Amino acid sequence: MKGKTSTKVHTRSKDVGATCSHKKATYTWELKVAADSDVEPTVAQLSGHMNDQQRAVFKDKLERYVIKPDRDLLLAKRGGQVLGLVCVIERAEFPSSLRKHAADLLLKFACTTQLLVHPHLRKQGIGKSLQLQAEQWARERSKEGLWLVTHRMAYWYQSHFGYKEVDRIKVKNTEKIVMAEEF
Ligand SMILES: CC(C)(COP(=O)(O)OP(=O)(O)OC[C@H]1O[C@@H](n2cnc3c(N)ncnc32)[C@H](O)[C@@H]1OP(=O)(O)O)[C@@H](O)C(=O)NCCC(=O)NCCS
């Protein structure tokens, strides 16, 4: 049943306080598959940078990821606080301009979209834990790899997760990079 799979608890030491302080606090979060009841708080807590129209599209997307059986919304949570999310889908529709060699390669790959961590909580390992959980999700479904489209974070996916560029596409006049990792 969707929304019931609670997974790992992550713990990370974090510097807190003034810049010259080295006091440590323990920072923990849980990764889980979202349930219906998670959508409203997720939208409320992670859409601060969106306008109303973007927020409506975001909510609609998250609802589909919660409901449909071929995809999930994975959340990083601490208590009632939603720290970050990533969407995972078993087989996403390819961008229309994706070239054949890339489409052939990605045929049996799952896809992630919308990796997002709350702006105040970045650089603490939350994004990495969500991305690794998405990879685990794909492996559990016997997928051969994972692909995604990015505008500015290609180097991050390459350096931290070993993704490789498989194509470049134009989306509304912006060049984006299709990255993939084969398991
Ligand atoms: C990209 C994003 C998800 C990263 O989340 P995060 O929680 O800050 O990432 P982590 O703390 O797990 O970072 C993992 C590593 O990447 C590094 N890192 C994080 N953000 C980075 C950035 N913008 N540029 C370069 N390195 C970065 C961290 O320092 C850390 O390095 P380490 O493992 O050597 O210590 C977050 O910045 C975000 O939500 N950005 C806006 C949306 C976005 O760009 N999403 C990507 C979709 S294409």
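Rule-based calculations on the coordinates, nothing more; no lab input. Since the structure is predicted, the reported quantities are computational estimates derived from the model, not experimental observations. Every residue, glycine as well, gets a Cβ built from its backbone with ideal geometry; the counts of neighbours run over all protein chains shown.
Structure notes:
- Shown in residue order for the stretch 125-132 are the 3J(HN,Hα) couplings computed by the Karplus curve 6.51 cos²θ - 1.76 cosθ + 1.60 at θ = phi - 60°: x, 5, x, 4, 5, 5, 5, 5 Hz (x for Gly and Pro).
- Backbone N atoms of the stretch 142-178 closer than 16 Å to the 7 Å Cα→Cβ label point of GLN53 belong to residues 172-173.
- Formal net charge of residues neighbouring ASP70 (Cβ-Cβ distance under 11 Å; K, R +1; D, E -1): +3
- Comparing LYS108, LYS172, LYS77 in a Gaussian network model of the chain (Cα springs below 10 Å), the most mobile by mean-square fluctuation is LYS172.
- Choice from LEU105, LEU75, LEU148 showing the highest fluctuation, given a GNM over the chain with Cα pairs closer than 10 Å: LEU105
- More than 27 Å apart - percent of Cα-Cα pairs taken over the chain: 30
- Added length on full extension, which subtracts the Cα-Cα distance from 0.36 nm per residue, SER142 to ARG78: 20.1 nm
- Calculated mean residue ellipticity, 222 nm, the chain: -9500 deg cm²/dmol, from DSSP H runs (n ≥ 4) at -39500 (n - 2.57) each, averaged per residue and rounded to 500.
- Listed pairs LYS32/LYS108; LYS77/LYS143; LYS100/LYS123 exceeding 32 Å between Cα atoms: LYS100/LYS123
- Estimated inter-spin distance, GLU63 and GLU182, nm [label 7 Å along Cα→Cβ]: 4.0
- With Cα atoms, 0 to 90° folded angle of helix 36-46 axis to the chain main axis: 80
- Length-normalised contact order of the chain in % [C-alpha pairs under 8 Å, at least 6 apart]: 16
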